[in-house]
1. Which ones in segment 53-86 are under 18 Å from residue 114 (Cα atoms) and touching a helix residue (DSSP H, G or I) at 6+ places or on another chain (Cβ under 6 Å)?
2. Check 123, 77, 111, 70 and return the single one that is at pLDDT 90 or above and of a type in the set (A, V, I, L, M, F, W, C).
3. From the list 47, 107, 72, which one is within 19 Å of residue 28 (Cα to Cα), open to solvent by 70 Å² or more (accessible area, probe 1.4 Å) and assigned to a helix (DSSP H, G or I)?
4. Show the residue pairs meeting these rules: Cβ distance below 6 Å; 6+ apart or different chains; first residue within segment 73-84 and small (Gly, Ala, Ser); second residue modelled with pLDDT under 90.
5. Can you name the condition, by its number, that residue 52 falls short on among (1) basic (Lys, Arg); (2) open to solvent by 70 Å² or more (accessible area, probe 1.4 Å); (3) without any contact (Cβ under 8 Å) to a residue 24 or more places away in the chain?
6. Given the structure, is residue 42 out of contact with any helix residue (DSSP H, G or I) (no Cβ under 6 Å at 6 or more places or on another chain), in contact (Cβ under 8 Å) with a residue 12 or more places away in the chain and surrounded by 19 or more Cβ atoms within 10 Å (Cβ to Cβ)?
7. Could you please let me know if residue 58 is assigned to a helix (DSSP H, G or I), at pLDDT 90 or above, under 18 Å from residue 103 (Cβ atoms) and under 14 Å from the mean Cα position of the chain (by Cα)?
8. Kindly indicate whether any position in segment 18-26 is polar (S, T, N, Q), at pLDDT 90 or above, surrounded by fewer than 20 Cβ atoms within 10 Å (Cβ to Cβ) and more than 13 Å from residue 113 (Cβ to Cβ).
Amino acid sequence: FSEILEPRICRVPLMILPFLLFCSVWNRDTLAVVTGANKGIGLEIVKQMSLKGLTVVLTARDRQRGLDALSKVRSELGLSSENLIFHPLDVCSSESVSNFSAWINEKYRGLDILVRVARFSILFLFSC
């Protein structure tokens, strides 16, 4: 991602994420992208960042699962459509990554936080 996105990118290791969630410098102008966020820890990270007031892009390979997760979080937390957004992203597809980065750069001119939760098998590493 760092080669494609604007230089505002900040990679956040999951072990320090809890500390960042208590930080008060983030606001709705802070853009966070969470990959693989349609379930599990990714979805919980999206919820917590959204509760802190950040603008969060929830990503998932499967469009319908991503939209379902988006609906679930919005209804649970009562969030508006401008603070929580879905965009499809398959981290194993260079076309998907390029489309996503073009969209981020066009709409937001980069991002502030990238939380990579999406996993891919070493077997897929050579086919990506």
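The values are calculated or read from the model by the stated rules, or taken from the named source; none is laboratory data. Note that this is a predicted model, so its numbers are computed, not measured. Because the Cβ atoms are built from the backbone with ideal geometry, glycine has one as well, and the counts that use them run over all protein chains shown. Surface accessibility is based on the protein's heavy atoms, side chains included, excluding ligands, DNA and RNA. Shrake-Rupley method; radii C 1.70, N 1.55, O 1.52, S 1.80 Å.
1. If the condition is that a residue be under 18 Å from residue 114 (Cα atoms) and touching a helix residue (DSSP H, G or I) at 6+ places or on another chain (Cβ under 6 Å), then 56, 58, 60, 84, 86 are the ones that fit.
2. Values: 123 fails: at pLDDT 90 or above; 77 fails: at pLDDT 90 or above; 111 fails: at pLDDT 90 or above.
The unique qualifying residue is 70.
3. On the way: 47 fails: open to solvent by 70 Å² or more (accessible area, probe 1.4 Å); 72 fails: within 19 Å of residue 28 (Cα to Cα).
Unique residue meeting the criteria: 107.
4. From segment 73-84, no pairs qualify.
5. (3)
6. Values: out of contact with any helix residue (DSSP H, G or I) (no Cβ under 6 Å at 6 or more places or on another chain): yes; in contact (Cβ under 8 Å) with a residue 12 or more places away in the chain: yes; surrounded by 19 or more Cβ atoms within 10 Å (Cβ to Cβ): yes.
Spelling it out, residue 42 is indeed out of contact with any helix residue (DSSP H, G or I) (no Cβ under 6 Å at 6 or more places or on another chain), in contact (Cβ under 8 Å) with a residue 12 or more places away in the chain and surrounded by 19 or more Cβ atoms within 10 Å (Cβ to Cβ).
7. Working: assigned to a helix (DSSP H, G or I): no; at pLDDT 90 or above: yes; under 18 Å from residue 103 (Cβ atoms): yes; under 14 Å from the mean Cα position of the chain (by Cα): yes.
No.
8. We begin by selecting, within segment 18-26, every residue polar (S, T, N, Q); these are 24.
If we keep only those that are at pLDDT 90 or above as well, we get none.
No: segment 18-26 contains no residue that is polar (S, T, N, Q), at pLDDT 90 or above, surrounded by fewer than 20 Cβ atoms within 10 Å (Cβ to Cβ) and more than 13 Å from residue 113 (Cβ to Cβ).
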